[in-house]
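The values are calculated or read from the model by the stated rules, or taken from the named source; none is laboratory data. If you're wondering where the values come from, they're calculated on a predicted model, not measured in any experiment. All Cβ positions, glycine included, derive from the backbone under ideal geometry; neighbour counts span all protein chains shown. The protein model used for the area step is the full one, side chains on, heavy atoms only, and it has no ligands, DNA or RNA in it. Shrake-Rupley method; radii C 1.70, N 1.55, O 1.52, S 1.80 Å.
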Amino acid sequence: MTTSLQDGQSAAGRAAAQDSPLAAQVCGAAQGRGDAHDMVPAPWLHARAFLPAPDGTHGCAADRRKKRDLDVLEMPPIPNPFPELCCSPFTSVLSAGLFSKTNSRKKQVIKVYSEDETSRALEVPSDITARGVCQLLIVRNHYVDDHSWTLFEHLPHVGVERIIEDHELVVEVLANWRMEEENKLYFRKNYAKYEFFKNPMYFFPEHMVSFATETNGEISPSQILQMFLSSSTYPEIHGFLHAKEQGKKSWKKIYFLLRRSGLYFSTKGTSKEPRHLQFFSEFGTSDIYVALAGKKKHGAPTNYGFCFKPNKAGGPRDLKMLCAEEEQSRTCWVTAIRLLKYGMQLYQNYMHPHQGRSSCSSQSVSPMRSISENSLVAMDFSGQKSRVIENPTEALSVAVEEGLAWRRKGCLRLGTHGSPTASSQSSATNMAIHRSQPWFHHRISRDEAQRLIIQQGPVDGVFLVRDSQSNPKTFVLSMSHGQKIKHFQIIPVEDDGAMFHTLDDGHTRFTDLIQLVEFYQLNKGVLPCKLKHYCARIAL
(Lines give C-alpha, C1' and ligand atoms only; values in the text may rest on other atoms or scores of the structure.)
Protein backbone atom coordinates (compact mmCIF):
# COMPACT_ATOMS: atom_id res chain seq x y z
CA MET A 1 0.00 0.00 0.00
CA THR A 2 2.82 2.33 0.77
CA THR A 3 4.50 1.59 -2.53
CA SER A 4 1.34 2.32 -4.55
CA LEU A 5 0.78 5.62 -2.74
CA GLN A 6 4.35 6.65 -3.43
CA ASP A 7 3.99 5.75 -7.09
CA GLY A 8 0.76 7.78 -7.35
CA GLN A 9 2.37 10.83 -5.79
CA SER A 10 5.41 10.50 -8.05
CA ALA A 11 3.20 10.22 -11.14
CA ALA A 12 1.20 13.28 -10.11
CA GLY A 13 4.41 15.17 -9.48
CA ARG A 14 5.76 14.23 -12.93
CA ALA A 15 2.48 15.35 -14.56
CA ALA A 16 2.59 18.70 -12.78
CA ALA A 17 6.25 19.10 -13.71
CA GLN A 18 5.43 18.57 -17.38
CA ASP A 19 2.72 21.28 -17.20
CA SER A 20 4.91 23.88 -15.52
CA PRO A 21 8.71 24.00 -15.06
CA LEU A 22 8.15 26.26 -12.05
CA ALA A 23 5.92 23.59 -10.53
CA ALA A 24 8.69 21.03 -11.07
CA GLN A 25 11.09 23.20 -9.10
CA VAL A 26 8.56 23.68 -6.30
CA CYS A 27 7.77 19.96 -6.31
CA GLY A 28 11.45 19.07 -6.17
CA ALA A 29 12.05 21.51 -3.34
CA ALA A 30 9.10 20.09 -1.41
CA GLN A 31 10.42 16.54 -1.93
CA GLY A 32 13.85 17.59 -0.77
CA ARG A 33 12.38 19.00 2.42
CA GLY A 34 9.81 16.22 2.82
CA ASP A 35 9.83 12.62 3.96
CA ALA A 36 12.18 9.74 3.49
CA HIS A 37 9.65 7.77 1.43
CA ASP A 38 9.44 10.65 -1.08
CA MET A 39 13.21 10.58 -1.64
CA VAL A 40 14.82 8.42 -4.34
CA PRO A 41 18.31 7.21 -3.31
CA ALA A 42 20.99 8.85 -5.40
CA PRO A 43 22.99 6.58 -7.76
CA TRP A 44 26.24 7.18 -5.89
CA LEU A 45 24.61 5.91 -2.70
CA HIS A 46 23.81 2.50 -4.30
CA ALA A 47 27.27 2.27 -5.82
CA ARG A 48 28.94 3.01 -2.54
CA ALA A 49 26.73 0.64 -0.59
CA PHE A 50 27.43 -2.41 -2.81
CA LEU A 51 31.13 -1.87 -3.61
CA PRO A 52 33.25 -4.79 -2.36
CA ALA A 53 35.99 -4.09 0.11
CA PRO A 54 39.31 -3.86 -1.71
CA ASP A 55 41.34 -5.88 0.76
CA GLY A 56 38.65 -7.66 2.80
CA THR A 57 39.57 -5.87 6.00
CA HIS A 58 36.82 -3.37 5.63
CA GLY A 59 34.12 -5.85 4.64
CA CYS A 60 32.40 -5.72 8.00
CA ALA A 61 32.31 -1.92 7.90
CA ALA A 62 30.81 -2.03 4.40
CA ASP A 63 28.15 -4.52 5.57
CA ARG A 64 27.27 -2.34 8.52
CA ARG A 65 27.02 0.74 6.24
CA LYS A 66 24.79 -1.21 3.82
CA LYS A 67 22.51 -2.34 6.63
CA ARG A 68 22.27 1.23 8.00
CA ASP A 69 21.33 2.60 4.54
CA LEU A 70 18.68 -0.10 4.11
CA ASP A 71 17.25 0.73 7.53
CA VAL A 72 16.93 4.38 6.44
CA LEU A 73 15.07 3.31 3.31
CA GLU A 74 12.67 1.12 5.39
CA MET A 75 11.66 3.93 7.80
CA PRO A 76 7.86 4.42 8.16
CA PRO A 77 6.45 7.15 5.89
CA ILE A 78 5.78 10.64 7.26
CA PRO A 79 2.79 12.54 5.75
CA ASN A 80 3.75 15.32 3.32
CA PRO A 81 2.57 18.65 4.85
CA PHE A 82 2.25 20.27 1.36
CA PRO A 83 0.73 17.62 -0.90
CA GLU A 84 -1.02 20.19 -3.11
CA LEU A 85 2.34 21.49 -4.33
CA CYS A 86 3.10 18.12 -5.91
CA CYS A 87 -0.24 16.66 -6.94
CA SER A 88 -2.65 19.58 -7.50
CA PRO A 89 -3.50 20.33 -11.17
CA PHE A 90 -3.49 24.03 -10.29
CA THR A 91 0.13 23.98 -9.17
CA SER A 92 1.34 26.28 -11.95
CA VAL A 93 -1.32 28.90 -11.23
CA LEU A 94 -0.80 28.89 -7.48
CA SER A 95 2.97 28.95 -7.77
CA ALA A 96 3.00 31.86 -10.20
CA GLY A 97 0.61 33.82 -7.99
CA LEU A 98 2.66 33.21 -4.88
CA PHE A 99 5.97 34.13 -6.46
CA SER A 100 4.68 37.30 -8.16
CA LYS A 101 3.67 38.82 -4.83
CA THR A 102 7.21 38.65 -3.55
CA ASN A 103 8.52 40.99 -6.26
CA SER A 104 8.99 44.52 -4.94
CA ARG A 105 8.05 47.65 -6.89
CA LYS A 106 10.68 49.05 -9.17
CA LYS A 107 12.37 52.23 -8.02
CA GLN A 108 13.89 55.12 -9.92
CA VAL A 109 16.08 58.06 -8.94
CA ILE A 110 14.70 61.50 -9.82
CA LYS A 111 16.20 64.95 -9.33
CA VAL A 112 14.08 67.85 -8.07
CA TYR A 113 15.10 71.54 -8.12
CA SER A 114 14.00 74.48 -6.01
CA GLU A 115 13.73 78.20 -6.75
CA ASP A 116 17.36 78.90 -5.81
CA GLU A 117 18.52 76.10 -8.19
CA THR A 118 19.53 73.78 -5.35
CA SER A 119 18.55 70.19 -6.08
CA ARG A 120 17.89 66.93 -4.30
CA ALA A 121 17.97 63.37 -5.60
CA LEU A 122 15.17 61.04 -4.50
CA GLU A 123 14.70 57.31 -4.94
CA VAL A 124 10.99 56.83 -5.54
CA PRO A 125 8.78 53.90 -6.62
CA SER A 126 7.56 53.77 -10.19
CA ASP A 127 3.94 54.45 -9.23
CA ILE A 128 4.52 57.56 -7.12
CA THR A 129 2.37 60.57 -7.98
CA ALA A 130 3.33 64.23 -8.06
CA ARG A 131 1.54 64.72 -4.75
CA GLY A 132 3.55 61.85 -3.29
CA VAL A 133 6.85 63.50 -4.30
CA CYS A 134 5.69 66.80 -2.77
CA GLN A 135 4.78 65.10 0.50
CA LEU A 136 8.13 63.34 0.56
CA LEU A 137 9.98 66.66 0.22
CA ILE A 138 7.69 68.35 2.75
CA VAL A 139 8.43 65.71 5.37
CA ARG A 140 12.18 65.59 4.74
CA ASN A 141 12.58 69.38 4.80
CA HIS A 142 10.11 69.99 7.67
CA TYR A 143 7.93 72.37 5.67
CA VAL A 144 4.36 73.34 6.51
CA ASP A 145 1.94 71.38 4.34
CA ASP A 146 -0.73 73.88 3.29
CA HIS A 147 -1.59 71.94 0.08
CA SER A 148 -0.02 74.62 -2.12
CA TRP A 149 3.27 72.79 -2.78
CA THR A 150 3.43 71.82 -6.43
CA LEU A 151 5.66 69.92 -8.81
CA PHE A 152 6.41 71.68 -12.11
CA GLU A 153 7.72 70.34 -15.40
CA HIS A 154 10.22 72.84 -16.84
CA LEU A 155 11.33 72.63 -20.49
CA PRO A 156 14.17 75.15 -20.97
CA HIS A 157 14.81 74.38 -24.65
CA VAL A 158 11.37 75.79 -25.57
CA GLY A 159 10.94 78.12 -22.58
CA VAL A 160 7.71 76.67 -21.15
CA GLU A 161 6.56 74.92 -17.98
CA ARG A 162 3.39 73.39 -16.58
CA ILE A 163 1.85 72.15 -13.36
CA ILE A 164 2.15 68.39 -12.94
CA GLU A 165 -1.26 67.52 -11.53
CA ASP A 166 -1.27 65.81 -8.15
CA HIS A 167 -2.61 62.53 -9.56
CA GLU A 168 -0.10 62.24 -12.44
CA LEU A 169 2.62 59.60 -12.25
CA VAL A 170 6.03 61.29 -12.20
CA VAL A 171 7.81 58.39 -13.94
CA GLU A 172 5.40 58.62 -16.87
CA VAL A 173 6.17 62.33 -17.21
CA LEU A 174 9.91 61.59 -17.27
CA ALA A 175 9.38 58.86 -19.86
CA ASN A 176 8.30 61.49 -22.40
CA TRP A 177 11.59 63.41 -22.07
CA ARG A 178 14.28 63.06 -24.68
CA MET A 179 17.83 62.23 -23.74
CA GLU A 180 19.28 65.40 -25.28
CA GLU A 181 16.84 67.72 -23.45
CA GLU A 182 17.85 69.29 -20.15
CA ASN A 183 14.37 69.24 -18.64
CA LYS A 184 13.88 69.75 -14.89
CA LEU A 185 11.38 69.10 -12.13
CA TYR A 186 10.80 72.12 -9.86
CA PHE A 187 9.31 72.04 -6.38
CA ARG A 188 7.72 75.28 -5.21
CA LYS A 189 4.48 76.77 -3.97
CA ASN A 190 1.58 77.60 -6.24
CA TYR A 191 -1.25 79.29 -4.37
CA ALA A 192 -3.43 79.46 -7.50
CA LYS A 193 -3.41 75.70 -8.19
CA TYR A 194 -6.91 75.18 -6.77
CA GLU A 195 -7.90 78.78 -6.08
CA PHE A 196 -10.62 78.62 -8.75
CA PHE A 197 -12.57 76.24 -6.49
CA LYS A 198 -12.56 78.90 -3.75
CA ASN A 199 -13.02 82.09 -5.80
CA PRO A 200 -14.26 81.19 -9.29
CA MET A 201 -15.35 84.79 -9.98
CA TYR A 202 -11.69 85.83 -10.38
CA PHE A 203 -10.98 83.17 -13.01
CA PHE A 204 -13.99 83.39 -15.32
CA PRO A 205 -14.81 87.00 -16.27
CA GLU A 206 -18.26 87.57 -17.74
CA HIS A 207 -17.04 88.89 -21.10
CA MET A 208 -15.17 85.61 -21.78
CA VAL A 209 -17.88 83.09 -20.83
CA SER A 210 -21.00 82.08 -22.79
CA PHE A 211 -23.21 79.01 -22.83
CA ALA A 212 -23.96 76.53 -25.58
CA THR A 213 -27.56 76.07 -24.40
CA GLU A 214 -30.13 78.63 -23.40
CA THR A 215 -30.17 79.41 -19.70
CA ASN A 216 -32.79 81.22 -17.70
CA GLY A 217 -31.49 84.01 -15.52
CA GLU A 218 -27.92 84.85 -14.59
CA ILE A 219 -25.32 82.15 -13.99
CA SER A 220 -23.14 82.51 -10.90
CA PRO A 221 -19.41 81.68 -11.01
CA SER A 222 -20.01 78.60 -8.84
CA GLN A 223 -22.58 77.32 -11.35
CA ILE A 224 -20.06 77.89 -14.16
CA LEU A 225 -17.61 75.73 -12.24
CA GLN A 226 -20.21 72.99 -11.84
CA MET A 227 -20.80 73.05 -15.59
CA PHE A 228 -17.11 72.40 -16.21
CA LEU A 229 -17.25 69.37 -13.92
CA SER A 230 -20.44 68.07 -15.50
CA SER A 231 -20.33 65.85 -18.57
CA SER A 232 -23.66 67.00 -20.05
CA THR A 233 -23.26 70.79 -20.19
CA TYR A 234 -20.31 73.11 -20.62
CA PRO A 235 -19.63 76.83 -20.84
CA GLU A 236 -17.83 78.31 -23.84
CA ILE A 237 -14.70 80.36 -23.29
CA HIS A 238 -14.22 82.78 -26.15
CA GLY A 239 -12.06 85.75 -27.03
CA PHE A 240 -9.24 86.98 -29.20
CA LEU A 241 -5.80 85.39 -28.98
CA HIS A 242 -2.58 85.85 -30.88
CA ALA A 243 -1.64 82.60 -32.62
CA LYS A 244 1.74 81.80 -34.10
CA GLU A 245 1.45 80.53 -37.65
CA GLN A 246 2.81 77.03 -38.14
CA GLY A 247 6.41 77.10 -39.41
CA LYS A 248 6.56 80.91 -39.39
CA LYS A 249 7.69 83.63 -37.02
CA SER A 250 4.63 85.85 -37.54
CA TRP A 251 1.65 86.05 -35.18
CA LYS A 252 -1.99 86.56 -36.13
CA LYS A 253 -4.88 87.76 -33.97
CA ILE A 254 -7.80 85.31 -34.23
CA TYR A 255 -11.12 84.72 -32.45
CA PHE A 256 -11.02 81.42 -30.49
CA LEU A 257 -13.67 79.25 -28.84
CA LEU A 258 -13.02 76.60 -26.22
CA ARG A 259 -15.44 73.68 -26.05
CA ARG A 260 -15.40 70.25 -24.47
CA SER A 261 -14.26 68.65 -27.73
CA GLY A 262 -11.29 70.99 -28.18
CA LEU A 263 -10.13 74.46 -29.10
CA TYR A 264 -11.46 76.07 -32.31
CA PHE A 265 -10.87 79.34 -34.12
CA SER A 266 -13.15 81.28 -36.44
CA THR A 267 -12.14 81.92 -40.03
CA LYS A 268 -14.60 84.82 -40.31
CA GLY A 269 -14.42 87.42 -37.56
CA THR A 270 -16.32 86.39 -34.44
CA SER A 271 -18.68 83.99 -36.20
CA LYS A 272 -19.57 80.82 -34.27
CA GLU A 273 -21.25 79.04 -37.17
CA PRO A 274 -19.93 75.51 -37.72
CA ARG A 275 -18.88 76.24 -41.28
CA HIS A 276 -16.63 79.06 -40.05
CA LEU A 277 -15.02 77.13 -37.18
CA GLN A 278 -11.76 75.28 -37.67
CA PHE A 279 -10.21 72.81 -35.25
CA PHE A 280 -6.99 73.97 -33.54
CA SER A 281 -6.09 71.48 -30.78
CA GLU A 282 -7.53 68.84 -28.44
CA PHE A 283 -6.63 67.86 -24.87
CA GLY A 284 -6.37 64.06 -24.81
CA THR A 285 -2.85 63.68 -26.20
CA SER A 286 -1.56 67.20 -25.40
CA ASP A 287 -0.62 69.15 -22.29
CA ILE A 288 -1.09 72.86 -21.66
CA TYR A 289 2.09 74.83 -20.85
CA VAL A 290 2.73 78.44 -19.86
CA ALA A 291 5.40 80.41 -21.72
CA LEU A 292 8.02 81.95 -19.42
CA ALA A 293 9.59 84.44 -21.84
CA GLY A 294 7.28 84.56 -24.82
CA LYS A 295 8.61 87.82 -26.23
CA LYS A 296 12.24 86.83 -26.08
CA LYS A 297 11.96 83.13 -26.93
CA HIS A 298 9.17 83.09 -29.50
CA GLY A 299 8.73 86.72 -30.54
CA ALA A 300 5.23 86.92 -29.00
CA PRO A 301 3.37 90.26 -28.88
CA THR A 302 2.99 89.99 -25.06
CA ASN A 303 4.45 88.00 -22.19
CA TYR A 304 1.17 86.20 -21.47
CA GLY A 305 1.73 83.19 -23.70
CA PHE A 306 0.73 79.54 -23.42
CA CYS A 307 0.88 76.56 -25.75
CA PHE A 308 -0.21 72.99 -26.49
CA LYS A 309 2.52 70.36 -26.66
CA PRO A 310 1.93 66.75 -27.73
CA ASN A 311 2.89 64.16 -25.11
CA LYS A 312 5.30 62.28 -27.40
CA ALA A 313 7.01 65.30 -29.00
CA GLY A 314 8.94 68.24 -27.63
CA GLY A 315 10.50 70.26 -30.44
CA PRO A 316 9.67 73.91 -31.08
CA ARG A 317 7.95 72.97 -34.35
CA ASP A 318 5.52 70.74 -32.48
CA LEU A 319 4.23 73.52 -30.21
CA LYS A 320 0.98 75.33 -30.91
CA MET A 321 1.73 78.76 -29.48
CA LEU A 322 -0.92 81.22 -28.30
CA CYS A 323 -0.69 84.58 -26.58
CA ALA A 324 -3.25 86.56 -24.53
CA GLU A 325 -3.48 90.30 -23.99
CA GLU A 326 -3.31 90.16 -20.18
CA GLU A 327 -2.69 87.79 -17.30
CA GLN A 328 -6.38 87.44 -16.39
CA SER A 329 -7.22 86.28 -19.91
CA ARG A 330 -4.39 83.72 -19.95
CA THR A 331 -5.38 82.41 -16.51
CA CYS A 332 -8.97 81.95 -17.68
CA TRP A 333 -7.94 79.95 -20.78
CA VAL A 334 -5.45 77.73 -18.92
CA THR A 335 -7.82 77.07 -16.00
CA ALA A 336 -10.70 76.16 -18.33
CA ILE A 337 -8.49 73.76 -20.31
CA ARG A 338 -7.34 72.04 -17.11
CA LEU A 339 -10.96 71.62 -15.99
CA LEU A 340 -12.10 70.26 -19.33
CA LYS A 341 -9.20 67.82 -19.51
CA TYR A 342 -9.25 66.41 -15.98
CA GLY A 343 -12.76 67.28 -14.75
CA MET A 344 -13.72 65.72 -11.42
CA GLN A 345 -10.17 64.43 -10.89
CA LEU A 346 -9.06 68.00 -10.10
CA TYR A 347 -11.88 68.38 -7.61
CA GLN A 348 -10.90 65.13 -5.91
CA ASN A 349 -7.29 66.32 -5.74
CA TYR A 350 -8.50 69.52 -4.09
CA MET A 351 -10.88 67.85 -1.61
CA HIS A 352 -8.66 64.86 -0.75
CA PRO A 353 -5.04 65.97 -1.18
CA HIS A 354 -3.58 63.03 0.78
CA GLN A 355 -5.19 60.30 -1.31
CA GLY A 356 -3.02 58.64 -3.92
CA ARG A 357 -1.34 55.46 -5.07
CA SER A 358 2.14 56.35 -3.89
CA SER A 359 3.82 54.85 -0.89
CA CYS A 360 4.35 58.26 0.63
CA SER A 361 0.61 58.74 1.04
CA SER A 362 0.54 55.81 3.45
CA GLN A 363 2.91 57.53 5.82
CA SER A 364 1.42 59.02 8.94
CA VAL A 365 1.95 62.68 8.18
CA SER A 366 -0.14 64.92 10.40
CA PRO A 367 -1.58 67.91 8.51
CA MET A 368 -0.24 71.22 9.71
CA ARG A 369 -2.23 74.43 9.66
CA SER A 370 -0.82 77.41 7.83
CA ILE A 371 -1.20 81.03 8.88
CA SER A 372 -4.16 82.70 7.20
CA GLU A 373 -6.21 85.82 7.74
CA ASN A 374 -8.77 83.85 9.76
CA SER A 375 -6.19 82.64 12.28
CA LEU A 376 -4.55 86.03 12.98
CA VAL A 377 -6.22 88.53 15.30
CA ALA A 378 -5.00 91.53 17.27
CA MET A 379 -4.73 90.68 20.98
CA ASP A 380 -4.27 92.81 24.10
CA PHE A 381 -2.35 91.15 26.93
CA SER A 382 -1.86 94.23 29.14
CA GLY A 383 -4.63 93.35 31.63
CA GLN A 384 -5.26 90.34 33.79
CA LYS A 385 -7.16 88.66 30.96
CA SER A 386 -6.34 88.75 27.27
CA ARG A 387 -8.90 90.17 24.84
CA VAL A 388 -9.34 90.50 21.08
CA ILE A 389 -8.97 94.06 19.74
CA GLU A 390 -11.81 94.44 17.26
CA ASN A 391 -11.45 98.19 16.63
CA PRO A 392 -8.92 98.76 13.78
CA THR A 393 -7.98 102.20 15.12
CA GLU A 394 -7.19 100.76 18.53
CA ALA A 395 -5.23 97.91 16.94
CA LEU A 396 -3.17 100.43 14.98
CA SER A 397 -2.33 102.51 18.04
CA VAL A 398 -1.44 99.41 20.05
CA ALA A 399 0.84 98.17 17.25
CA VAL A 400 2.68 101.49 17.08
CA GLU A 401 3.02 101.65 20.85
CA GLU A 402 4.36 98.11 21.05
CA GLY A 403 6.86 98.90 18.32
CA LEU A 404 8.15 101.91 20.19
CA ALA A 405 8.37 99.94 23.42
CA TRP A 406 10.26 97.14 21.66
CA ARG A 407 12.69 99.68 20.22
CA ARG A 408 13.27 101.33 23.62
CA LYS A 409 13.99 97.94 25.18
CA GLY A 410 16.54 97.28 22.44
CA CYS A 411 18.26 100.60 23.13
CA LEU A 412 18.36 99.94 26.87
CA ARG A 413 19.67 96.42 26.32
CA LEU A 414 22.53 97.72 24.19
CA GLY A 415 23.16 100.53 26.70
CA THR A 416 23.55 98.13 29.62
CA HIS A 417 26.53 96.53 27.85
CA GLY A 418 28.34 99.86 27.94
CA SER A 419 27.99 100.66 24.24
CA PRO A 420 28.45 104.42 23.65
CA THR A 421 26.50 104.26 20.39
CA ALA A 422 23.53 102.21 21.58
CA SER A 423 20.97 104.34 19.76
CA SER A 424 22.75 104.15 16.40
CA GLN A 425 23.32 100.40 16.77
CA SER A 426 19.64 99.89 17.54
CA SER A 427 18.64 101.87 14.46
CA ALA A 428 21.02 99.85 12.31
CA THR A 429 19.61 96.63 13.75
CA ASN A 430 16.05 97.74 13.01
CA MET A 431 17.02 98.64 9.44
CA ALA A 432 18.64 95.26 8.73
CA ILE A 433 16.54 92.82 10.77
CA HIS A 434 14.23 92.15 7.79
CA ARG A 435 17.01 90.51 5.75
CA SER A 436 16.46 87.18 7.52
CA GLN A 437 12.76 87.05 6.66
CA PRO A 438 11.59 84.67 3.89
CA TRP A 439 9.41 87.35 2.27
CA PHE A 440 12.33 89.76 1.74
CA HIS A 441 14.21 89.62 -1.57
CA HIS A 442 17.42 91.60 -1.72
CA ARG A 443 18.07 93.63 -4.89
CA ILE A 444 15.72 92.02 -7.36
CA SER A 445 14.18 93.98 -10.21
CA ARG A 446 10.53 94.84 -10.76
CA ASP A 447 10.23 92.27 -13.55
CA GLU A 448 11.83 89.57 -11.41
CA ALA A 449 9.38 90.30 -8.60
CA GLN A 450 6.44 90.02 -10.98
CA ARG A 451 7.78 86.74 -12.35
CA LEU A 452 8.14 85.23 -8.86
CA ILE A 453 4.61 86.23 -7.86
CA ILE A 454 3.10 84.90 -11.10
CA GLN A 455 5.02 81.62 -10.74
CA GLN A 456 3.73 81.09 -7.21
CA GLY A 457 0.15 82.00 -8.14
CA PRO A 458 -1.21 85.52 -8.68
CA VAL A 459 -4.03 85.18 -6.15
CA ASP A 460 -5.05 88.03 -3.88
CA GLY A 461 -2.53 88.68 -1.12
CA VAL A 462 0.61 86.99 -2.52
CA PHE A 463 3.43 89.43 -1.73
CA LEU A 464 7.13 90.06 -1.29
CA VAL A 465 9.29 92.97 -0.10
CA ARG A 466 12.35 94.07 -2.04
CA ASP A 467 14.89 96.86 -2.31
CA SER A 468 13.90 99.76 -4.51
CA GLN A 469 15.88 100.04 -7.75
CA SER A 470 15.19 103.77 -8.22
CA ASN A 471 15.84 104.87 -4.63
CA PRO A 472 18.43 102.87 -2.65
CA LYS A 473 17.10 104.11 0.71
CA THR A 474 13.54 102.85 0.19
CA PHE A 475 11.80 99.50 -0.17
CA VAL A 476 8.95 98.23 -2.33
CA LEU A 477 6.03 96.00 -1.39
CA SER A 478 4.97 93.98 -4.46
CA MET A 479 1.66 92.14 -4.19
CA SER A 480 -1.05 90.52 -6.28
CA HIS A 481 -4.67 91.66 -6.40
CA GLY A 482 -7.31 91.05 -9.04
CA GLN A 483 -4.93 89.05 -11.26
CA LYS A 484 -2.61 92.07 -11.41
CA ILE A 485 0.72 92.84 -9.75
CA LYS A 486 0.84 96.12 -7.83
CA HIS A 487 3.81 97.87 -6.24
CA PHE A 488 3.81 100.13 -3.17
CA GLN A 489 6.83 102.14 -2.07
CA ILE A 490 7.89 101.92 1.59
CA ILE A 491 9.42 105.27 2.55
CA PRO A 492 11.66 105.82 5.60
CA VAL A 493 10.75 108.88 7.72
CA GLU A 494 12.68 110.46 10.59
CA ASP A 495 11.10 111.82 13.76
CA ASP A 496 13.19 113.15 16.66
CA GLY A 497 16.24 111.30 15.43
CA ALA A 498 14.41 107.96 15.07
CA MET A 499 13.78 106.22 11.75
CA PHE A 500 10.42 104.74 10.82
CA HIS A 501 8.85 103.03 7.78
CA THR A 502 5.54 104.04 6.25
CA LEU A 503 3.28 103.18 3.32
CA ASP A 504 0.83 106.09 3.69
CA ASP A 505 3.04 109.21 3.83
CA GLY A 506 3.73 108.95 7.55
CA HIS A 507 0.19 108.44 8.87
CA THR A 508 1.07 104.91 9.98
CA ARG A 509 4.66 104.39 11.12
CA PHE A 510 6.58 101.24 11.92
CA THR A 511 9.98 100.79 13.50
CA ASP A 512 10.99 98.02 11.07
CA LEU A 513 9.70 96.10 8.06
CA ILE A 514 8.73 93.07 10.14
CA GLN A 515 6.27 95.15 12.12
CA LEU A 516 4.93 96.67 8.90
CA VAL A 517 4.31 93.28 7.28
CA GLU A 518 2.70 91.82 10.39
CA PHE A 519 0.36 94.80 10.65
CA TYR A 520 -0.83 94.54 7.05
CA GLN A 521 -1.33 90.81 7.49
CA LEU A 522 -3.97 91.77 10.07
CA ASN A 523 -5.30 94.98 8.54
CA LYS A 524 -5.89 96.00 4.95
CA GLY A 525 -5.10 99.68 5.59
CA VAL A 526 -4.21 101.50 2.37
CA LEU A 527 -3.63 98.21 0.51
CA PRO A 528 -6.31 96.66 -1.75
CA CYS A 529 -6.34 93.51 0.44
CA LYS A 530 -4.51 91.96 3.36
CA LEU A 531 -1.17 90.28 2.91
CA LYS A 532 -1.85 86.53 2.92
CA HIS A 533 0.93 84.45 1.31
CA TYR A 534 4.55 85.47 1.14
CA CYS A 535 6.56 84.65 -1.95
CA ALA A 536 9.81 82.94 -0.95
CA ARG A 537 12.72 81.07 -2.49
CA ILE A 538 13.25 77.77 -0.72
CA ALA A 539 16.30 75.53 -0.63
CA LEU A 540 16.24 71.72 -0.80
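A single entry from LYS193, LYS198, LYS189 fulfils the requirement of being under 22 Å from HIS481 (Cβ atoms) and free of Cβ contacts under 8 Å to residues at least 12 places away in the same chain: LYS198.
Looking at the structure I just gave you, is TYR255 open to solvent by less than 50 Å² (accessible area, probe 1.4 Å), in contact with a His (Cβ under 8 Å, 6 or more places away or on another chain), within 30 Å of LYS532 (Cβ to Cβ) and of a type outside the set (S, T, N, Q)? Here the answer is no, as TYR255 does not meet what is asked. Taking every residue in segment 146-168 that is under 21 Å from ASP127 (Cα atoms) and pairing it with any residue that is assigned to a loop (DSSP other than H, G, I, E, B) and of a type outside the set (Lys, Arg), at least 6 positions away or on another chain, the pairs with Cβ-Cβ distances below 6 Å are HIS147/PRO353; THR150/ASN190.
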